[in-house]
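Below: one structure, written as structure tokens.
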Amino acid sequence: MKPSNYFGLYEMPISFTVDKKALKKKFYALSRQFHPDFYTQESEAKQQEILELSSINNQAYKVLKDFDKRMKYILDIKGIIKEEGKNSLPQMFLMEMMDINEALMELEFDFDENNYNQVKNDLQQLNDTLYKSVQLIIENYNDAVITEAELNKLKNYYFKRKYLLRIQENLSKFAPL
């Protein structure tokens, strides 16, 4: 009984938004169902199958409960994300990021709390604007009618968001105590 995808395992429609309570409830139910201790008297093959299903359940839960991992997973299922290193950000976006990257370098050499707060606010505004550009697609996602253009828009959002998250991680290194 190998599921076709994590959403199928959890009996949920493919979606960028999930009901966290229902997800957790299903995870615990499957954890009980596939707990290896209940299969100690079964054949070696059955024990191996249960161990694999238990592992799949754990991995599925890790992916589906996290927005970014869930987004990447859906884009992978749809075949939108290319091999690692073959996805690129739009040149215009990278140009927009130059100012923020320069501000980060300045903070590294000469920390200033006002500049730190400005960069932090700028990043938050960029994140908010970026999300608003795909909010309707994310919130109204229907796997049966999604277009390739919408999937590409989501892919661009995913990689831009990933880029901004790396900048936020770098920024957090300079956080005032």
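The values are calculated or read from the model by the stated rules, or taken from the named source; none is laboratory data. As the structure is a computational prediction, the values presented were derived from the model and not from experiment. Using ideal geometry, Cβ is built from the backbone for each residue, glycine included, and neighbour counts are taken over all protein chains shown.
Remarks
- Test: N101 is loosely packed, with under 11 Cβ neighbours inside 10 Å and polar (S, T, N, Q): no
- For the stretch 108-141, residues that are exposed (fewer than 11 other Cβ atoms within 10 Å of the Cβ) and either small (G, A, S) or closer than 18 Å to V18 by Cβ (or both) total 2.
- When residues in the stretch 121-148 are screened for being in a helix (DSSP H, G or I) and over 25 Å from M12 (Cβ atoms), 11 of them pass.
- Residue that is modelled with pLDDT under 90 and touching a Phe, Trp or Tyr at 6+ places or on another chain (Cβ under 6 Å), where the choices are L177, L89, L104, L171: L89
- In the set (1) surrounded by fewer than 12 Cβ atoms within 10 Å (Cβ to Cβ); (2) under 20 Å from N140 (Cα atoms); (3) free of Cβ contacts under 8 Å to residues at least 24 places away in the same chain, T17 fails one condition alone, (3).
- Residue in the stretch 113-134 that is closer than 20 Å to I77 by Cα and within 18 Å of the chain's Cα centre (by Cα) present: yes
- Residue identified as over 20 Å from Y131 (Cβ atoms), touching a residue at least 24 places away in the same chain (Cβ under 8 Å) and assigned to a helix (DSSP H, G or I) among L75, L51, L64, L30: L30
- Qualifying positions in the stretch 54-69 - over 14 Å from N5 (Cβ atoms) and either β-branched (V, I, T) or more than 12 Å from the chain's Cα centre (by Cα) (or both): S54, S55, N58
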